[in-house]
Amino acid sequence: MPKDMITSSPRPLRLEPVTEENFDAVCALQVRPDQAHLVSPVVKSLAEAYVHGERAWPRAVVDGEDVVGFVMAFLDFPWDPATDPADRRSGIWRLNVHADHQGKGYGRFAVRAVCEEILRRGTSLAYVSWHPGQNSPEPFYLGLGFRPTGELAGDQKVGVLTLPAGPDTAAATATDPAL
């Protein structure tokens, strides 16, 4: 079974690394036109993943044989090194779900899977940022339990989610309806 498979899902949803085989399908993902100004195209995210090396964790969201989305985490990232060099964070960097596949739980699945990876790496906080305004993903992230920190990342609001800790952390994260 692939490392990134979530076995508690009733569907064969999984995250897969972006490879030569799925690259075109991942890059072809398009959010709704009214959301395009809120998230960068996947190809830009992949370029950033290349530049940031192991601090970026890009993955295709796959249902069966279909690429339905893209998620990229940032892992152990220096948040504001000039102000606090010790402040390193992990979280959701990008989430793109194809317009035809929105509202089906793929985004929720991707966030859960990233949270599992963050926990697996020993971190108990997950961060995300979003553009406020019309069609913003803010209600989505708040509905998953993220809470605004009061910080801004550029012009984006920053949210944080405390992840469950303990020996059953991954199982709890995979089944917790709040995630």
**OP:** Just need a number here: residues in segment 118-138 that are open to solvent by 10 Å² or more (accessible area, probe 1.4 Å) and within 14 Å of the chain's Cα centre (by Cα).
**Re:** 6
Subject >> Residue ID - surrounded by the fewest Cβ atoms within 10 Å (Cβ to Cβ), chosen from residues in segment 1-39 that are modelled with pLDDT under 95 and hydroxyl-bearing (Ser, Thr, Tyr) >> reply: THR7
Original post:
If you go through segment 151-179 one residue at a time, how many are open to solvent by less than 60 Å² (accessible area, probe 1.4 Å), touching a helix residue (DSSP H, G or I) at 6+ places or on another chain (Cβ under 8 Å) and modelled with pLDDT of 90 or more?
Top reply: 4
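The values are calculated or read from the model by the stated rules, or taken from the named source; none is laboratory data. Bear in mind the structure is a predicted one, so any value in this text is a computation, not a measurement. Using ideal geometry, Cβ is built from the backbone for each residue, glycine included, and neighbour counts are taken over all protein chains shown. All accessible areas refer to the heavy atoms of the entire protein, side chains included, with ligands and DNA or RNA removed. Shrake-Rupley method; radii C 1.70, N 1.55, O 1.52, S 1.80 Å.
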